[in-house]
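Presented below is the structure to which this report refers.
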Protein chains: 2
Amino acid sequence: MNGGLKGLEKILYGVKRGKAMLIVQKYGGTSVANLERIRAVAERIVNYKKEGHDLVVVVSAMAGETDRLINLAKQITENPPLREFDLLVSTGEQVSSALLSITLQSMGYPSIALLGYQVPIYTTDLFTKARIKEIKTEKIKESLSKGKIVIIAGFQGVTENGDITTLGRGGSDTTAVALAAALKADLCEIYTDVEGVFTADPRIVTNARKLKKISYEEMLEMASSGAKVLEMRSVELAMIYKVPLVVRSSFTNSEGTLITEEDEEMEKVLVSGITYNRNEARISIYGVPDKPGVAAKIFGPIGDKGIVVDMIIQTARPDGKADITFTVPKTDYKEALKLIEEIGKQLEAERIEGDPNIAKVSIVGAGMRTHPGVATKMFETLAKHSINIMMISTSEIKVSCVIDEKYTELAVRALHEAFKLENENSIKEEI
Amino acid sequence: MNGGLKGLEKILYGVKRGKAMLIVQKYGGTSVANLERIRAVAERIVNYKKEGHDLVVVVSAMAGETDRLINLAKQITENPPLREFDLLVSTGEQVSSALLSITLQSMGYPSIALLGYQVPIYTTDLFTKARIKEIKTEKIKESLSKGKIVIIAGFQGVTENGDITTLGRGGSDTTAVALAAALKADLCEIYTDVEGVFTADPRIVTNARKLKKISYEEMLEMASSGAKVLEMRSVELAMIYKVPLVVRSSFTNSEGTLITEEDEEMEKVLVSGITYNRNEARISIYGVPDKPGVAAKIFGPIGDKGIVVDMIIQTARPDGKADITFTVPKTDYKEALKLIEEIGKQLEAERIEGDPNIAKVSIVGAGMRTHPGVATKMFETLAKHSINIMMISTSEIKVSCVIDEKYTELAVRALHEAFKLENENSIKEEI
């Protein structure tokens, strides 16, 4: 099938074989890392084109290029002016989109590369993390109607004032999903260097299984709890606009993972995947007054510094005091700890404790909604391996436990085994 | 003076000291080759700013960057599609303009970097060699009125359709002069890696003297006959719009050369400079019919191939035949020779001869207009050194001789000495 859609569409997407579709594809930095890789991407695109599909292709900068540009700016000043910073880093995608279009045309396939301002993709003027406001689709549609493959420089947009903006980390995924939504595309394929979404990190769990299908909600929970395959923002966008999303590798012809609306089949699966996150740190403040306004006094100053607090646990003690434990990104740990020490003095806290060596291990699955016993099985599994749980947080379709960082791999493997995720039909009715 | 204008303006430009001016500066690739050089450029700009001048600064791509980008495209195909090629190579100036603006702002000086499409600089849609049609100056003026230093990405423009174009070799010089014309700037400074326009190539003539002043016409003749300091197109533009142009080095504080309208002082100087060009080749076709239409038959097919013929000499012979000799760029020599061999057969030419080892040596000076003896002195000088003259062409202010390439340095040195160009007041009334 040579990277085409034939096999995949029958199995996964439920679309009629041979029906011409409008497909948005996005290729990440490793997929266009050099001219050889760009050629491979072009060949993949051509295979789709030959099947009669219309294609809009979003590209990231060649691997390493964005970092090179950022580094140039940072060598000048730690805080480069953001407008010019975006002007600088947006050249990465300009280069890769031009090179891909040149490659396609050299192969005899009409194509056009469009920058953010040429589409245009209008954004807010919050440089380096702009949000898409509106995408004008006329120019893209006109080019498609002329039989052209449309290449779009990812990650970038333009303000109404004509300034170039960038969309922040994972911005090209967002470009692709937003374009798919605006164009009402039949499918949005995200090509990366992994083969899809796995039941757990394959580097830790050797028999981790690639998921064929997962719901937007599950994908969001997995992304928020450590899975790095997609940025949350693009998944949110896909969910809102019901864009069928496929994550797959540009290095193989392996079918990817379809991210779509929840269906009955998914609900039958209790746990879809295990994720972990080692990028957080824990801070505890003991013996503060257990009365209204205390949490605000603690988290107000932290939020003011732009530090994002993930989990919070507050425990009321018999003596009218409370203990509060929360997690922050490891990079903000020192600053947050310093802030809390000041606040602790004001609140006459008994003691403050911090621990940067923690990990958050999570299980995610749509089936949990109807099977509350899943959390218990998770706790039992960790206990069986003598792993102490420091914090717990839950959502409808996720349970997260904070543990000592050194047990991360053990916990992930144990949970993967306990929920029998290596088999497609894992435990369902056991619990 | 630290690169400022104080000394220079008094001596050269005849502008009142302390008067705030609008100055367009252009920095070439070697001037912005790395972050250290960009910092030096920023410091120079700041010195002008401190003197109260308004500044519009055009930058080329960092040295080597344009070649790197061209090479990427050429690795894909020998003939990349031109629209995408321009999209690709224009990133070089985007990067350098952003980096310069970041540097200025990090030094506390408000600035804004603008791309061709942001100004906008409208051009024809002849990709890779577009011509400027119109420059909208509102955005630049608005930024200047807010006290900002305006940085413009050189070499690039935009079509009315929103496509990015580039202006061809030396395009950033053209951007600068066109901006100076559109903004009615008081001065346009071209910063490069040489200190100005010299009486001869200093690598050949050790006592070559930097000219303080030269007319547009002289500069054009020098550029067309081998001096590489400025592209002809930008000089033409400066002449048409009477933009005072200064060529100087960004590596020293040395005063440059002012290129301006011809004045009485210039006319007193017989010869301003000696140039040479080793990039041409000679082709001769002997014994063709000496009748109307023969030249067209020879030069028509050559022109059709895009080969530019420089000098042509046709000699009528007593036998009713003619000999024709002409020069073409060395890179086109083989193709032109092949064409001429075919044409020669049709015209029943006696013989065809080619010689790629020639050089064109020229003397340029506004004073020649009124002193016809200059050419004779040139011929005598070459003869004295036993240098045979193969071809001669003249204009009002230039005499060019084609000689054997191996005598190039000798001829240039001999002429430089003969016309006493090492002295500011060279021979005037001797002839």
Checklist entry - Relative contact order (percent) for chain A, with alpha-carbon contacts under 8 angstrom and 6 or more residues of separation? => result 13 percent
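For the stretch B:6-261, what proportion of DSSP beta bridges, expressed in % and rounded to the nearest 5, is antiparallel? All intermediate terms of the calculation are to be shown ahead of the outcome.
Details: 10 of 38 bridges.
That works out to approximately 25 percent antiparallel.
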Next on the checklist: Can you compute the FRET efficiency between A:I70 and B:D290 using 1/(1 + (r/R0)^6), with r the Cβ-Cβ distance and R0 = 56 Å? Round to the nearest 0.05.
Outcome noted: 0.20
Next on the checklist: Looking at chain B only, what percent of DSSP beta bridges run antiparallel? Nearest 5 please.
Outcome noted: 60 percent
Next on the checklist: For the protein assembly as shown, what does the helix formula give at 222 nm: sum of -39500 (n - 2.57) over DSSP H segments with n ≥ 4, over the residue count, nearest 500 deg cm²/dmol?
Outcome noted: -10000 deg cm²/dmol
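Under the classification rounded if a/c is under 1.5, otherwise prolate if a/b is larger than b/c and oblate if not, where does the stretch B:258-364 fall, given a ≥ b ≥ c as square roots of the Cα gyration tensor eigenvalues? Each step should come with its number before you reach the end.
Details: a/c = 2.59, a/b = 1.96, b/c = 1.32.
Verdict is prolate for the stretch B:258-364.
Percent relative contact order of the stretch B:6-261, based on C-alpha pairs within less than 8 angstrom and at least six residues apart? Intermediate results must be reported in sequence, preceding the final value.
Details: 541 pairs, mean separation 51.2, N = 256.
Reported relative contact order: 20 percent.
What is the fewest-to-most order of A:R169, A:R248 by other Cβ atoms lying within 10 Å of their Cβ?
Details: A:R169 14, A:R248 24.
In increasing order of surrounding Cβ atoms, one gets A:R169, A:R248.
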Next on the checklist: Quick check: the distance between the Cα centres of the stretch B:294-316 and the stretch B:195-252, to the nearest angstrom?
Outcome noted: 29 Å
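Compare the peptides B:118-124, A:375-381 by average per-residue count of other Cβ atoms within 10 angstrom and give them in order, highest first.
Working: B:118-124: 21.4, A:375-381: 16.4.
Packing order, densest peptide first, comes out as B:118-124, A:375-381.
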Item to check | Part-to-part distance (alpha-carbon centres) for the stretch B:123-157 and the stretch A:326-340, which is given in Å | outcome: 47 Å
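Which percentage, to the nearest 5, of the DSSP beta bridges contained in the protein assembly as shown is antiparallel? Numbers along the way, then the final one.
Working: 90 of 146 bridges.
Of all bridge pairs located within the protein assembly as shown, approximately 60 percent are antiparallel.
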Checklist outcome for this item: Projecting the Cα atoms of A:G344, A:Y407, A:I240 onto the charge dipole of chain A, where Lys and Arg contribute +1 and Asp and Glu -1 at Cβ, the residue farthest towards the positive end is A:I240
Next on the checklist: If you rotate chain A onto chain B, whose Cβ in A ends up lying nearest the axis, and how many Å away is it?
Outcome noted: A:T91, 2
Checklist entry - Exactly which GluC sites (Glu not before Pro) in the stretch A:66-131 are in a DSSP loop and have at most 10 other Cβ atoms within 10 Å? => result A:E78
Checklist entry - Does chain B classify as rounded, prolate or oblate by the C-alpha gyration tensor (a ≥ b ≥ c root eigenvalues; a/c under 1.5 gives rounded; else a/b over b/c gives prolate, otherwise oblate)? => result oblate
Next on the checklist: Please report the spacing between the Cα centers of the stretch A:27-78 and the stretch B:64-117 in Å, no decimals.
Outcome noted: 17 Å
Checklist entry - What percent do you get for the relative contact order of the stretch B:264-425 when only Cα pairs under 8 Å and 6+ apart count? => result 31 percent
Item to check | Sequence-distant residues sharing a close amide H with A:I151 (under 5 Å, placed H) | outcome: A:V57, A:I112, A:A113, A:L114
Checklist entry - From the label point of B:N357, set 7 Å from Cα along Cα→Cβ, how far away are the matching label points in the other copies, in nm, ordered shortest to longest? => result 7.8
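What does the C-alpha gyration tensor say about the overall shape of the stretch B:164-212? Classify as rounded when a/c is under 1.5, otherwise prolate if a/b is larger than b/c, or oblate. Mind dumping the intermediate values first?
Values: a/c = 4.39, a/b = 1.86, b/c = 2.36.
Here the stretch B:164-212 falls in the oblate category.
Grab the other residues whose beta carbon is less than 13 angstrom from that of A:A153, score K and R as +1, D and E as -1, and report the net.
Values: positive: A:K26; negative: A:E65, A:D86, A:E93, B:E84.
Net charge around A:A153: -3.
Sorting B:D67, A:D54 on the 10 Å Cβ count, fewest up front, what's the list?
Numbers: B:D67 13, A:D54 23.
Fewest-to-most Cβ neighbours within 10 Å comes out as B:D67, A:D54.
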Item to check | Cross-link pairs A:K50/A:K129; A:K291/A:K360; B:K184/B:K268; A:K141/A:K242 - those with Cα-Cα distance over 27 Å | outcome: A:K50/A:K129; A:K291/A:K360; B:K184/B:K268
Checklist entry - Which of the listed residues, A:A33, A:P110, A:A375, is farthest toward the dipole's positive end in chain A, when Lys, Arg count +1 and Asp, Glu count -1 at the beta-carbon? => result A:P110
Checklist entry - Where the only charges are on Cβ atoms (+1 Lys, Arg; -1 Asp, Glu), what is the dipole of the stretch A:6-261 about its Cα centre, to the nearest 20 debye? => result 880 debye
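FYI, it's all coordinate maths here, none of it is from the lab. In this text, all values refer to a predicted model and were calculated from it rather than measured experimentally. Using ideal geometry, Cβ is built from the backbone for each residue, glycine included, and neighbour counts are taken over all protein chains shown.
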